[in-house]
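What follows is a short report on a single structure.
The values are calculated or read from the model by the stated rules, or taken from the named source; none is laboratory data. Computed from a prediction, not measured in an experiment: that's the story for all the values here. Virtual Cβ from ideal backbone geometry, glycine too; neighbours counted across all protein chains shown.
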Amino acid sequence: MVRYVANKFFYMLLSLLILISATFFLMKAIPGDPFQAEKKVSAEMKARLMEQYGLDKPLYVQYFKYLGDITTGDFGISMKKLNQDVSKIISDTFQTSLKLGLVAIVIAVVVGVLLGMLAALYHRKLIDNVAMILAVLGMAVPSFVFASLLQYYLAEKAGWFNVIGFDKPLDYVLPVIALSAQPIAFIARLTRSSMLEVLHADYIKTAKAKGLNWFTIMFKHVIRNGILPVVTYVGPMTANIITGSVVIEQIFGIGGIGKVFVESITNRDYTLIMGVTIFYGVILMVARFITDIAYVMIDPRIKLSGGKEG
Amino acid sequence: MANNQTKTSQDHVILTSEDFRKIGTDEKQSEVIQRESLSAWRDAWQRLCENKIAMTALIILALIIVASIFGPMISDFNHYTNDYANTNQAPSSIHWFGTDELGRDMFVRTWMGARISLTVGLAAALIDLIIGVIYGGTMGFFGGRVDEIMNKFSEILYSIPYLLVTILLLVVLEPSLGTIILALTITGWINMSWIVRGEMIQLKNREFVLASRSMGAGNARLIFRHLLPNAVGPIIVTLTLSVPSAIFSEAFLSFLGLGVQAPVASLGSMISDALTGWMYYPWRMLFPAVLISLIMLCFNIFGDGLRDALDPKLKK
Amino acid sequence: MNKKRLLSMLALILIVSTVLAACGSNNNREGGASNGAGKPAKAKEQVLHINMSAEPPTFDPGLAQDSQANTALKLMYEGLVRLDDTGKEVPAAAESWEISPDGLQYIFKLRKDAVWSNGDPVTANDFVFAWQRVLDPTTTPAPPYAYQLGYIKNANAYNAKEITDFSQVGIKATDDHTLEVTLENPTPYFLGLTSFYTYFPVHASVKNNAAWATDYKSMITNGAFNLTNWTTGQKLEYTKNDKYWDKDNIKLSKIESSLVTSGAAELSSYKSGQLDYAGAPNGEIPSDSIPTMKKNLPNEFAVKGIASTYFYEFNVTAKPFDNVKIRKAFSMAISRQDLVDKVTLGGQIPAFGFVAPGIKGVKDEFRTEYKDNFFQENYEEAKKLLAEGMAEEGYTTLPEVTLIYNSSESHKKVALAIADMWKNNLGVEVKTENLEWGVFLENRQNLNYQIARAGWTADFNDPMSFVDMWKTGAGNNDSGFSNAEYDQLVKDAMTSQDNAVRMEKMAAAEKILIQDEQVLMPLYYYTNVSLTKGNVKGISVNYSGAIDFSRAYIE
């Protein structure tokens, strides 16, 4: 088990190094330089800016310096948000995204599992059909369409919520709904199929036959086993929430890291693009790493030397 | 290992009470083969046909594809000519889906958009298929050191978040249909290669392969005559399900302004364009949005149905 | 079974904690501050809600260069003079000034009751410090608008390291409240320039703190408002500065700005009552919704011309546009009125000249004194000119023409529309190509194009800001245009003290540029489109579209 984890961890670091290198060299491959503007910047001024951002040095020097800085958490200085630390921008805005993301994850898991369970328990009944139609719709409608509809009808027209902003608890409602729709849909489907599997499993039949009461069966066996696959969805869900968040923050004017990411792309703020990309990469890789470990630990069908489940 | 999603299908047959029935008095009758014997493919097809929802999805998909090819032709308009006298017109008998902010006909544009979106989805899936089959096939067939190294490489590549790489690539490259497809496939083929690898490993130790090998069949014959044809099922399912995810990714990129560039439009970029004014001109968002949702829906439902049909272990 | 549950819990906890650990040590700072400073004031009255589509890239007046920073800095700082509603210079940090008869020397008398937000008096030395900082070649990052101070004697030389002794630069504090400025040339618009943010004073304490303007707590300002809260990417909050010398004329107690990028969301927010002001220059009313807004909210909707021109420039060194008749033909063959009425929709004004309206002339606006009737749209004439031009060059078919523009929704719309008009009115197929910003600029600056989109906004309120850029070899002259007569006219205007003569020379130069040579085809003069709630008064917008909320109030 330890060897397995160590192995996975090593490869995660290797992947991270590749991502950092790819990001670095791709950014360097962009034609033109970052200091161009409609009103021309003089050659002399440009030279000074290049020097100030260390861009006048040979590429490999810049690369190793960047690698070294990253290990200390220093992503450099933003090129468009003057004098601002990229690490500080990331940490400031990530807090906002984290608040939004965590609420969305909790809602997605709770609602998704509930929907899936109901659908499984009332298999082929009205509830099942309604839940599955909702789930399918959740997966089929692009999140920016959904968010835009919510914003117009519930905020601008009905006036129940603020159109933009993220200060009061009420401001969370629309972005969270928009952000969790897709994960809810996925979790509901996942839970439903695994619950159905469990409900038909032999040991449940045995439990029924033994005369255990319904609640005990439900809580001791069905639910617990039925929602296990949801844990393995942690990695993909994190990715989903992050990409979703990029869109949602933009639409609702939330100062999260997703909004910063989009801005950095439109502004061609190279240091910021690199910083956010690598930061996202770390989160996603860590999420995937955890999923991998959890998957192996939970699924008894995957056996590792010495790590057998009871 | 842990990454392999296909493992989740059951290793055992599920028996429900419906699986049991009382055998009648005449036991001999039960020995008679009741079902005519079918090839695996016809069997799967029959099961697919019985799945009404999946068939509906397939039919809708076929209609959408046909419409996206021929739809623009039956209209008097084209997708690029501006008509400033008729901007933002509501749907009418002249412009069936209305017009956009430059007076272009939305009916033609919607189907052209569907064509582009489908092209992106299908091309990305196809490239994934080609690379995935070659790479995965090599890993699975040769095994040993080759497999180990190639597999590690793909695992590392896979753990790099693909959307980030895609976005980075599109920041660097000029966004065009080609570069978008390229960016979407840069890591998209990995999943496919694993599926192929898994199938190969499973199949190559089977008796019929051994038999063929002992009769002197070469590698090429083994791969193309025996291994690939038997792995087609899972490959097709993966292929079907990777189309909608490519379409969605392109829509997301369009939202970021990194999708296909004007005058070419995809469904995603049309929706993005409409986001600023759909409250006043709802048709500009309605038609592309409904269409993209329908495409997503149908591919997913059909893919699921296909998986059920091709996986005999789930047969009831 | 317990083990499984434990593991799933563990997995979740791990995720959350990794994610938390990644956001560093300063977790609580922002949250604590926003609760402390923002919330308690419940007073609904005199709070203005605005939106900025992007966070100002900097709050440092010396480094600023965009309209977002302009709006913010106008609230937070005050220069020597201020422009009032009518664009006239009125006393601000300086209570009076004297200009020498030769127009070269300015003596500003600073008011004694002006203080910084930390209580220090605002002195002439603060201006010297700020200006020296902008000109200092070692300032990091290099102030992009250093050239805005270039009218001051030896300023450019000091900035370019040609002289190292700052005392040779024409900026002197003769005492705490007297600032003496000597100019290179008589510059009639210099007084107005001192209201621009590059000329704002900066507190000397920032000298050794490069990050001083990245945290609202370390900003020391002298304007009507202080920045009291800043949630990155989400919200800015300005509170009235009670130490401001003119605080009795400041009625707003607070200005809150959201930071949403999407024009649609901004408009939606305005309509739902969350915002008091929407649109240019800090935000945008989507052009799709302009007609509806104009109709539904006629009393709140406003269009104002600003000193900015949208045009296509020709590469006069490349085929086929090295022929003036072909250039003229292309310029005549479009309908600018249709373009603004049906494509851009923002009430833009069709342009037939280069100097935009709103720029001062001798007595009135330059554009009123010298009409922009340099040419007329005429499709027949255009076709004739094209045929003549082609004959002169010996073309039987016109070489392929490509129009380049930088990727943006609005540029795309215009480019497609113009290409369409050329096709219909001139019978010429023009390829349109959108390029990423960096590539676009590189192509344009290296004369690697045929026709390119361009825009120009006045840096100061004088036609010179427009005619200066087409001098031979000027930094922003990307057309390859070089004309000795033109250069001479600009030079004469620059050294003359007589305003009437200057205007005459510059008008003559513009005539060469547009009527004789058609170096560029003007398309339209930009406008600011905005919505203001009926009860909000006192917002002032100057000639260049810069907005000043400091004297606004709510009725």
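Odds and ends about this structure:
- Where A:Leu228 falls short, out of the listed (1) facing another protein chain (nearest Cβ under 9 Å); (2) within 30 Å of A:Glu156 (Cα to Cα): (2)
- B:Pro175 satisfies every condition listed in (1) in a helix (DSSP H, G or I); (2) closer than 24 Å to C:Asn434 by Cβ; (3) touching a residue at least 60 places away in the same chain (Cβ under 8 Å); (4) more than 11 Å from chain A (Cβ to nearest Cβ) except (1).
- Residue list for the stretch A:278-293, filter: more than 8 Å from chain B (Cβ to nearest Cβ), of a type in the set (Gly, Ala, Ser) and within 17 Å of B:Leu168 (Cα to Cα): none
- Pick from the stretch A:123-158, criterion farther than 30 Å from A:Val222 by Cα and over 24 Å from the mean Cα position of the chain (by Cα), ranking: surrounded by the fewest Cβ atoms within 10 Å (Cβ to Cβ): A:Ala158
- When B:Ile236 is tested against (1) under 21 Å from B:Thr187 (Cα atoms); (2) of a type outside the set (Ser, Thr, Tyr); (3) away from every other protein chain (no Cβ under 14 Å); (4) not in a helix (DSSP H, G or I), just one condition goes unmet, and that condition is (4).
- All told, A:Leu82 meets the bar of being without any contact (Cβ under 8 Å) to a residue 40 or more places away in the chain, of a type outside the set (Lys, Arg) and under 30 Å from C:Ala264 (Cα atoms).
- Restricted to the stretch C:359-433, the set of helices (runs of 4 or more DSSP H) holding at least 2 residues that are of a type in the set (A, V, I, L, M, F, W, C) comprises C:379-393, C:409-421.
- Within the option set C:Val340, C:Val362, C:Val355, being under 25 Å from C:Leu531 (Cβ atoms) and touching a residue at least 60 places away in the same chain (Cβ under 8 Å) holds for one residue only, C:Val340.
- Members of the stretch B:59-86 that are in contact with a Leu (Cβ under 8 Å, 6 or more places away or on another chain) and modelled with pLDDT of 80 or more: B:Ile60, B:Ile64, B:Ile65, B:Ser68
- Candidates C:Ala224, C:Ala280, C:Ala204, C:Ala264 - the one that is among the small types (Gly, Ala, Ser) and closer than 30 Å to C:Val362 by Cα: C:Ala280
- Near pairs, Cβ below 8 angstrom, 6+ apart or cross-chain, from the stretch B:154-166 (without any contact (Cβ under 8 Å) to a residue 60 or more places away in the chain) to any residue that is polar (S, T, N, Q) and outside any helix (DSSP H, G or I): B:Leu157/B:Thr187; B:Ile160/B:Thr187; B:Tyr162/B:Thr187; B:Val165/B:Thr187
- Test: residue in the stretch A:18-40 that is more than 30 Å from C:Tyr145 (Cα to Cα), among the small types (Gly, Ala, Ser) and surrounded by 15 or more Cβ atoms within 10 Å (Cβ to Cβ): yes
- Identity of the residue in the stretch A:256-273, modelled with pLDDT under 90 and not in a helix (DSSP H, G or I), that ends up nearest to A:Leu55 (Cα to Cα): A:Asp269
- Among the candidates A:Gly275, A:Gly281, residue that is buried (at least 22 other Cβ atoms within 10 Å of the Cβ) and farther than 20 Å from A:Lys8 by Cβ: A:Gly275
- When residues of the stretch C:300-345 are limited to those that are within 14 Å of another protein chain (Cβ to nearest Cβ) and part of a loop (DSSP other than H, G, I, E, B), the one surrounded by the fewest Cβ atoms within 10 Å (Cβ to Cβ): C:Ser335
- Residue match in the stretch B:203-216 (condition: at positive phi and either of a type in the set (Phe, Trp, Tyr) or more than 14 Å from chain C (Cβ to nearest Cβ) (or both)): yes
- Test: residue in the stretch A:99-122 that is closer than 30 Å to B:Cys298 by Cβ, aromatic (Phe, Trp, Tyr), under 22 Å from the mean Cα position of the chain (by Cα) and more than 12 Å from chain C (Cβ to nearest Cβ): no
- Counting the residues of the stretch C:244-270 that are within 21 Å of the chain's Cα centre (by Cα) and part of a helix (DSSP H, G or I) gives 2.
- Hey, B:Ala217 of a type in the set (A, V, I, L, M), surrounded by fewer than 17 Cβ atoms within 10 Å (Cβ to Cβ) and not in a helix (DSSP H, G or I) or not: yes
- Under the condition of being more than 15 Å from C:Asp246 (Cβ to Cβ) and without any contact (Cβ under 8 Å) to a residue 12 or more places away in the chain, the residues counted in the stretch C:72-103 number 5.
- Test: C:Val128 is within 27 Å of the chain's Cα centre (by Cα), within 14 Å of another protein chain (Cβ to nearest Cβ) and part of a helix (DSSP H, G or I): no
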